[in-house]
Amino acid sequence: MTLKIGILATGITPDPLIGEFGSFADMFQRLFKQAGQQFDYVNFDVRDGEFPESATDCDGWIVTGSKSNVYENLPWMQKLKVLIRDIYQADRPMLGICFGHQIIADAFDAYVHKYSGGWGVGLHEYALTREVEGLDLSSTKFTLSVMHQDQVLEKPDAAEVIAESAFCPYAVLQYDNRILTFQAHPEFDVTFETRLVKHLRGQSVPEADADKALEGLSTPEAATDSIAIANWMAGFLMRDKKRASNTAKAEEDTAATC
């Protein structure tokens, strides 16, 4: 049976880019398809008050990125944080990306705000803090696209740091085996990131930061590890399916030895 994944959309792709690349929700669906992962999806635009009736309406959840700031604490954000905690208590796997990473941390009483070190733009490299099951990389580091000025400045007590960088110490957080969040954007490929940086250059993103990012994005070796990360995320969402499979195998092995 195909898992039903609820996408809690907290933002939308900028107008000049959405026609070509689709929404953030579309990008996740495309990324998982490219990685060979098959899910059914239900989208909820939580900014417009579209919320599921229950934390158990879907088998797993994704909270997307957004241009909004967590510390605005708008009514829809307050409601989303309640849902996040409900999903955690219901023990349904959940992913959070960029704003999703931040609002989940905020829901668990962490401090999220503008980073004094400025903007994260372009391609950034992160180092794993421990071995991760199901993550197929050639090293202990990975590269993803980023676009943020805010970040988690204080680790939630409930979370473990899974990946870090000097610029972003709390880059990937995991809450038990229930929530996995990324400050970076696995769903942004090099083409989209390049177009996004050009679009935001001199607007929200300072020209100097944008130009440095574009220089890195234009090199022949510019690439992300999005497919490997997508398989990691998919495995996390399929946690319960794996548990059921392992239980069934254990029961078969036990029966064979009787």
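What aspartates and glutamates does Lys114 reach when the alpha-carbon gap must be under 17 Å and sequence neighbours fewer than 8 apart in one chain are set aside?
The reachable aspartates and glutamates, counting only those whose Cα sits under 17 Å from Lys114, are Glu72, Asp106, Asp150, Glu154, Asp209.
Among Pro75, Pro169, Pro14, determine the one that fluctuates most according to a GNM of the chain built with springs between C-alpha atoms less than 10 Å apart.
Ranking Pro75, Pro169, Pro14 by mean-square fluctuation puts Pro75 first.
Just from its helices, what would the mean residue ellipticity at 222 nm be for the chain, if runs of 4 or more DSSP H residues each count -39500 (n - 2.57) and the sum is divided by every residue, rounded to the nearest 500 deg cm²/dmol?
Calculated mean residue ellipticity at 222 nm is -11500 deg cm²/dmol.
Quick one: give the max-minus-min coordinate of the C-alpha atoms of region 164-225 along each principal axis, largest first, in Å.
Cα spread of region 164-225 along its principal axes, largest to smallest: 39, 25, 20 Å.
Which value, in Å² and to the nearest 10, is the accessible area of Ile18 when all protein chains are kept and the probe is 1.4 Å?
Here the residue's solvent-accessible area equals roughly 60 Å².
Read phi for every residue in region 195-211 and hand back ³J(HN,Hα) as whole Hz from Karplus 6.51 cos²θ - 1.76 cosθ + 1.60, θ = phi - 60°, with x for Gly and Pro.
5, 5, 4, 4, 5, 8, 4, x, 9, 7, 9, x, 4, 5, 5, 5, 5
In a shell of Cβ-Cβ distance under 15 Å around Thr224, excluding Thr224 itself, what net charge do Lys and Arg (+1) and Asp and Glu (-1) give?
After counting each charged neighbour, the total is -4.
Using only the alpha carbons of region 147-250, what is the convex hull's orientation-averaged projected area in square nanometres?
Computing the convex hull of the Cα atoms and averaging its projections yields 8.6 nm².
Based on alpha-carbon centroids, what's the gap between region 44-89 and region 3-41 in Å, whole number please?
16
What whole-number value in Å² describes the accessible area per residue of region 112-212 for a 1.4 Å probe?
Counting only protein heavy atoms, the per-residue value for region 112-212 is 45 Å².
How long are the semi-axes of the equivalent ellipsoid of the chain, defined as square roots of 5 times the Cα gyration tensor eigenvalues? Whole Å, largest first.
30, 21, 18
Checking the table Lys67/Lys212; Lys81/Lys198; Lys33/Lys241; Lys155/Lys241; Lys81/Lys241 against a 23 Å threshold on Cα-Cα, which pairs fail?
Violating the 23 Å limit, Cα to Cα: Lys81/Lys198; Lys155/Lys241; Lys81/Lys241.
Hey, what do the phi angles of region 49-66 turn into as Karplus ³J(HN,Hα) couplings, whole Hz, using 6.51/-1.76/1.60 and θ = phi - 60°, x for Gly and Pro?
x, 8, 10, x, 6, 8, 5, 9, 5, 10, 6, x, 9, 10, 9, 7, x, 6
Specify the residue with the greatest mean-square fluctuation among Gly36, Gly96, Gly122, computed from a Gaussian network of the chain linking alpha-carbon atoms under 10 Å apart.
Checking each option, the largest mean-square fluctuation is seen for Gly36.
Once label points are set 7 Å from the Cα along Cα→Cβ at both Met1 and Val42, what is their separation, rounded to one decimal in nm?
Placing both labels 7 Å beyond Cα along the Cβ direction yields 1.3 nm.
List every residue whose amide H lies under 5 Å from the amide H of Leu153, counting only residues 5 or more places away in sequence or on a different chain, with H placed 1.01 Å from N in the peptide plane.
Excluding prolines and chain starts, which carry no amide H, the hits are Tyr111, Val112, His113.
In the chain, what percent of the accessible surface is made up of carbon and sulfur (1.4 Å probe, ligands and nucleic acids excluded)?
46
Residue-wise, which Karplus ³J(HN,Hα) couplings in Hz belong to region 7-24, taking 6.51 cos²θ - 1.76 cosθ + 1.60, θ = phi - 60°, and x for glycine or proline?
Residue by residue, region 7-24 yields 9, 8, 7, 10, x, 9, 4, x, 3, x, 10, 5, x, 8, 10, x, 7, 4 Hz.
Over all directions, the average projected area of the alpha-carbon convex hull for region 1-128 comes to how many nm²?
Spelled out: convex hull of the Cα atoms, projected over all directions, averaged, 9.5 nm².
Note down the relative contact order for the chain as a percent, whole number, built from C-alpha pairs under 8 angstrom at least six residues apart.
Here the relative contact order equals 19 percent.
Can you tally the net charge around Phe51? Count Lys and Arg as +1, Asp and Glu as -1, for every other residue whose Cβ sits under 11 Å from the Cβ of Phe51.
Every neighbour counted, the sum reads -4.
Please give the contour-minus-distance gain from Leu74 to Ala166: 0.36 nm per residue of separation, less the Cα-Cα distance, rounded to one decimal in nm.
Gain on stretching Leu74 to Ala166: 30.1 nm.
With only alpha-carbon pairs counted, each pair once and no self-pairs, how large is the Kirkwood hydrodynamic radius of region 97-138 in angstroms?
Computed over Cα pairs of region 97-138, the Kirkwood hydrodynamic radius comes out at 13.2 Å.
The values are calculated or read from the model by the stated rules, or taken from the named source; none is laboratory data. The model shown is predicted, which means the values in this text are computed figures rather than measured ones. For neighbour counting, all protein chains shown are included, and Cβ atoms are generated from backbone atoms with ideal geometry for every residue, glycine included. Side chains are part of the model used for accessible areas, which takes the heavy atoms of the whole protein and leaves out ligands, DNA and RNA. Shrake-Rupley method; radii C 1.70, N 1.55, O 1.52, S 1.80 Å.
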